[in-house]
Amino acid sequence: KGYLVLDDFLSASMSVDLKVESSLWQTVFKGLDRYRRGYIAFDEFLHVLPAV
């Protein structure tokens with residue numbers, strides 16, 4: 001698919017039983033979605049990931 005949407009973050013955290021409020025994921029996602037497209041290109045995500 002080449003990109004991530006908010007639901008991908010929610011699904012990933014649920015699949016590993018990570019208890020994170022959806023409002024927190026929304027805040028994180030908004031911060032990563034610099035161009036306000038509603039998705040984050042996977043290569044952009046990989047670029048930010050080492051900083052986390």
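The values are calculated or read from the model by the stated rules, or taken from the named source; none is laboratory data. From a predicted model like this one, the values you see are computed outputs, not experimental measurements. Cβ coordinates were reconstructed from backbone atoms using ideal geometry, including for glycine residues, and neighbour counts include every protein chain displayed.
Say whether the condition of being at pLDDT below 95, over 12 Å from the mean Cα position of the chain (by Cα) and not charged (D, E, K, R) is met by at least one residue in the stretch 37-46.
No: zero hits.
What's the number of the only condition in (1) surrounded by fewer than 10 Cβ atoms within 10 Å (Cβ to Cβ); (2) modelled with pLDDT of 95 or more; (3) not basic (Lys, Arg) that VAL5 fails to meet?
So the condition that VAL5 fails would be (1).
Test of understanding: among LEU18, LEU10, which residue is outside any helix (DSSP H, G or I) and among the hydrophobic types (A, V, I, L, M, F, W, C)?
That would be LEU18, the only listed residue that is outside any helix (DSSP H, G or I) and among the hydrophobic types (A, V, I, L, M, F, W, C).
Please find, within the stretch 30-42, the residue that is surrounded by the most Cβ atoms within 10 Å (Cβ to Cβ) out of those that are in contact (Cβ under 8 Å) with a residue 24 or more places away in the chain and not in a strand (DSSP E or B).
TYR39
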